[in-house]
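Engineer: Here's a structure for you.
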Amino acid sequence: MKHRHILLVGASFSGAVIGRELAEAGHRVTVAEARSHVAGNCHTERDPETGVMVHIYGPHIFHTDDVEVWAYVNRFAQFRPYTNRVKITARGQVFSLPVNLHTINQFFGSTMRPDAARAFIAERSDTSITDPQTFEEQALRFIGRELYETFFKGYTAKQWGRHPHDLPASILKRLPVRFSYDDNYFSHEFQGMPAHGYTALVQTMLDHPNIEVVLNTTIDQAAASGYDHVFYSGPIDAWFGHALGRLAYRTLDFHRFSCEGDYQGCAVMNYADKDIPWTRITEHKHLSPWESHEGSVLYREHPRECGPGDIPYYPIRLVTEKQMLAEYVERAQAVRGITFVGRLGTYRYLDMDVTVREALDTARHYLACLERGTAMPAFTTSPL
């Protein structure tokens, strides 16, 4: 099989995994990254004053049930066990998330056992809502008005900039309610944190003689010509010059502050009340509990609409955006020699493990297409 020269646009997990797989198959790979560092929004770096490992674009915890993906990332970094235990401040008290038996008993001033709590919440649920379509309907149907208005209504309005009755029910389906005292935010078999940060992990992935990494480099259609194939993990609408309009995202402003000692006693503290302008505070040293630091670095997160020049975080994917996305997908499918990958390339919210899985599958699909002599599609996972 003839070895190809492949361009990867973006040095995040999508680009790093695809690039590594193709490089190991003997192909020449160029990875172009617009920022001054690799790892995308997972980028981590040491704070020079405190020595704390800071998640520059917000906290990232690796969690998965995918055995192959877990083994794959462990090839490139030592992972330390990490359990994500999130707290939330609401109405002057601190509770555990996700909503669990402790949260329920604390909120209602009770000592219910699991079955009693399940029946109690069922009594408060709005059973007249048989087919929840919105975030608000989903919450009212399954947890009732008291828990919804305390823990979800204000936080959601801040996070998305929209009333919960304007958001799809699918957003809330990712948030479990547990009738046990399990306060592990995730339920996956494998959970951990790379001991030396995500940037070191991605740098190791990209450390191969067939891979060239070029930072501070923006790639457009003209700059991408001359390669045998392009894998693009930037925003799909940007590739087409926003010809059909800009897809909507939420972005985050991080307000950094520091202190001596321990500020909040946990890595992530959410703030549910609408009159508090931030959604959460991250205390970064608690994301590396195997380390010890006297000083502490913290970020307050303020979500807002994403404008030109901002970093896109969360695709909104409401009706108008889905219509625009469908038109961009149609354009993409009419182009040969490029495959759109990752969160921005497919305009989907993706956890890190799903990103790695899709990147592995995409690289294998490309190699299979070369073997068969068939064309590589624009998408290996449909954005729609």
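Engineer: For the subset of the range 61-96 comprising residues that are polar (S, T, N, Q) and buried (at least 17 other Cβ atoms within 10 Å of the Cβ), which member is nearest to F186 (Cα to Cα)?
Structural biologist: So, considering only residues that are polar (S, T, N, Q) and buried (at least 17 other Cβ atoms within 10 Å of the Cβ), the one nearest to F186 (Cα to Cα) is N84.
Engineer: Looking only at residues in the range 33-52 that are acidic (D, E) and in a loop (DSSP other than H, G, I, E, B), which one is surrounded by the fewest Cβ atoms within 10 Å (Cβ to Cβ)?
Structural biologist: Top of the filtered list is E49.
Engineer: It is to be established whether one or more residues within the range 127-140 are in contact with a helix residue (DSSP H, G or I) (Cβ under 9 Å, 6 or more places away or on another chain), under 25 Å from R250 (Cβ atoms), among the aromatic types (F, W, Y) and part of a loop (DSSP other than H, G, I, E, B).
Structural biologist: no
Engineer: Name the residues in the range 53-88 that are assigned to a helix (DSSP H, G or I) and among the small types (G, A, S), would you?
Structural biologist: Passing the criteria: only A71.
Engineer: Looking only at the range 157-210, filter to residues that are polar (S, T, N, Q) and at pLDDT below 95; which one of those is farthest from I316 (Cα to Cα)? Outline the logic, then answer.
Structural biologist: In the first step, residues of the range 157-210 are kept if they are polar (S, T, N, Q); the result is 159, 170, 180, 184, 187, 191, 199, 203-204, 210.
Still in the list and also at pLDDT below 95: 170, 187.
Values: S170: 12, S187: 25 Å.
It comes out as S187.
Engineer: Next question, about the same structure. When the residues of the range 299-325 are filtered to those that are closer than 16 Å to D237 by Cα and of a type in the set (K, R), which remaining residue is surrounded by the most Cβ atoms within 10 Å (Cβ to Cβ)?
Structural biologist: Among those that are closer than 16 Å to D237 by Cα and of a type in the set (K, R), it is R317.
Engineer: Follow-up question, since we're still on this one. Taking the residues in the range 330-342 that are in contact with a Phe, Trp or Tyr (Cβ under 7 Å, 6 or more places away or on another chain) and in a helix (DSSP H, G or I) as candidates, determine which candidate is surrounded by the most Cβ atoms within 10 Å (Cβ to Cβ). Working first, answer last.
Structural biologist: Applying the first criterion (in contact with a Phe, Trp or Tyr (Cβ under 7 Å, 6 or more places away or on another chain)) to the range 330-342 yields 331-332, 338-341.
Now drop any that are not in a helix (DSSP H, G or I), which leaves 331-332.
Working: R331: 15, A332: 21.
Applying the filter and picking the extreme gives A332.
Engineer: When the range 265-297 is examined, which residues are found to be touching a helix residue (DSSP H, G or I) at 6+ places or on another chain (Cβ under 8 Å) and of a type in the set (S, T, N, Q)?
Structural biologist: If the condition is that a residue be touching a helix residue (DSSP H, G or I) at 6+ places or on another chain (Cβ under 8 Å) and of a type in the set (S, T, N, Q), then N270, T279, S296 are the ones that fit.
The values are calculated or read from the model by the stated rules, or taken from the named source; none is laboratory data. Every value quoted in this text rests on a predicted model; they were computed, and no experiment measured them. Methodologically, a virtual Cβ is constructed for each residue, glycine included, from the backbone with ideal geometry; neighbour enumeration extends over all protein chains shown.
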